[in-house]
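Participant: Have a look at the structure that comes next, please.
The values are calculated or read from the model by the stated rules, or taken from the named source; none is laboratory data. In this text the structure is predicted, and so the values were computed from the model without any measurement. Cβ: placed from backbone, ideal geometry, glycine included. Neighbour counts: every protein chain shown. Ligands, DNA and RNA are stripped out before the accessible areas are found, and what is left, the full protein with its side chains, is counted by its heavy atoms. Shrake-Rupley method; radii C 1.70, N 1.55, O 1.52, S 1.80 Å.
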Amino acid sequence: MSTLEKIDLKNTPNHIAIIMDGNGRWAEKQGESRLFGHGIGVESVREVLKGAQETNVKYLTLYAFSTENWNRPKAEVEGLMNLLVTTISNEVDELNKNNVKISTIGDLDRLPGDCKAEMISAFECTKTNTGVNLILALNYSAKLELVNAVKSIANDVVNGEYDIDAIDEQTIVQQLYTSEIPDPELLIRTSGEHRVSNFLLWQIAYTEFYFTNVLWPDFRKENLYDAIFDYQSRERRFGLVSEQIEKKA
Ligand code: FPP
């Protein structure tokens, strides 16, 4: 029996976030450049998107470029930006046909002009689609997202538009890039690293983590099914005890 057949398709995560890691190591193993590894990683993106469609996952967030990634060698940064532009431009029609809605989280303003323009055109082209929401984290930092939220709320308080005692979790949620997106139930990180790396720090408060040694360019739909199957074997308690969960069910 394949893992897909074992998955309960009515209870798959609504939102899966992925830290795609290991492109560089994969490339080194093949005696290729790091950029070659990123290029092959795009095929894995296609695979997880198909896998998400097949398993009724509604939101797929991929960590494509962090604010820390600017510190990589200039040629790698430029190569990654070019890869994003060419991939989105080549794939947008197919994504549109597949009813995929593209959006981003992160600060788009620091991206090269052609990259920002390509992303905005992809949002426009797919904005009415109702299938999988593909969310690319680009120039993203969770700490910066929270700093910006605090600044915005402080500004509203100073201007008398907001009462300090009225600040609650929702006030913060509304200021995040993800204000319209439900929190992920499952976070996957590839390549054997067990870190969160400044990704969705607020949003993963109750998220299940799944770590795999598979390097991102080798990640296939079956690896996604494995992660979902593993997730379904867990009991999510949200701070309650098992008995309370059984009663609620
Ligand atoms: C991490 O591997 C990967 C990245 C920082 C970039 C991910 C980008 C892609 C898969 C391609 C573009 C994607 C889209 C959505 C079009 P690493 O370089 O840190 O690998 P290493 O840890 O082995 O060095």
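Participant: Name the residue that is farthest from ASN223 (Cα to Cα), counting only residues in region 61-78 that are within 10 Å of the ligand (Cβ to nearest atom) and crowded, with 17+ Cβ neighbours inside 10 Å.
Facilitator: Looking at residues that are within 10 Å of the ligand (Cβ to nearest atom) and crowded, with 17+ Cβ neighbours inside 10 Å, I get SER66.
Participant: Any idea how many residues of region 122-133 are out of contact with any Ser or Thr (no Cβ under 7 Å at 6 or more places or on another chain), in a helix (DSSP H, G or I) and open to solvent by less than 60 Å² (accessible area, probe 1.4 Å)? Before you say what the answer is, go through the steps one by one.
Facilitator: Keep residues of region 122-133 that are out of contact with any Ser or Thr (no Cβ under 7 Å at 6 or more places or on another chain), which gives 122, 124-132.
After this cut, where a residue has to be in a helix (DSSP H, G or I) as well, the list is 122, 124-126.
Narrowing the set further to residues that are open to solvent by less than 60 Å² (accessible area, probe 1.4 Å) leaves 122, 125-126.
The qualifying residues number 3.
Participant: Also, quick follow-up: THR212 fails exactly one of the following numbered conditions: (1) open to solvent by less than 40 Å² (accessible area, probe 1.4 Å); (2) touching a residue at least 60 places away in the same chain (Cβ under 8 Å); (3) not aliphatic (A, V, I, L, M). What is the number of that condition?
Facilitator: Among (1) open to solvent by less than 40 Å² (accessible area, probe 1.4 Å); (2) touching a residue at least 60 places away in the same chain (Cβ under 8 Å); (3) not aliphatic (A, V, I, L, M), the lone unmet condition for THR212 is (2).
Participant: Now for a different question. Would you point out the residue of region 1-29, among those that are surrounded by fewer than 21 Cβ atoms within 10 Å (Cβ to Cβ) and of a type in the set (Ser, Thr, Tyr), that is farthest from SER66 (Cα to Cα)?
Facilitator: Per the criteria, the residue is SER2.
Participant: Looking at ASN14, ASN23, ASN56, can you tell me which residue is in contact with a His (Cβ under 6 Å, 6 or more places away or on another chain) and either more than 12 Å from the ligand (Cβ to nearest atom) or under 15 Å from THR87 (Cβ atoms) (or both)? Steps first, please.
Facilitator: Working: ASN14 fails: in contact with a His (Cβ under 6 Å, 6 or more places away or on another chain); ASN56 fails: in contact with a His (Cβ under 6 Å, 6 or more places away or on another chain).
On inspection, the qualifying residue turns out to be ASN23.
Participant: Now for a separate question. Just to be sure before I move on: is ILE153 open to solvent by less than 60 Å² (accessible area, probe 1.4 Å) and in contact with a strand residue (DSSP E or B) (Cβ under 8 Å, 6 or more places away or on another chain) in the structure I sent?
Facilitator: No: the conditions fail for ILE153.
Participant: Which is in contact (Cβ under 8 Å) with a residue 12 or more places away in the chain, at negative phi and assigned to a loop (DSSP other than H, G, I, E, B), of ILE204, ILE172, ILE188?
Facilitator: Working: ILE172 fails: assigned to a loop (DSSP other than H, G, I, E, B); ILE188 fails: assigned to a loop (DSSP other than H, G, I, E, B).
Only one candidate passes the filter, namely ILE204.
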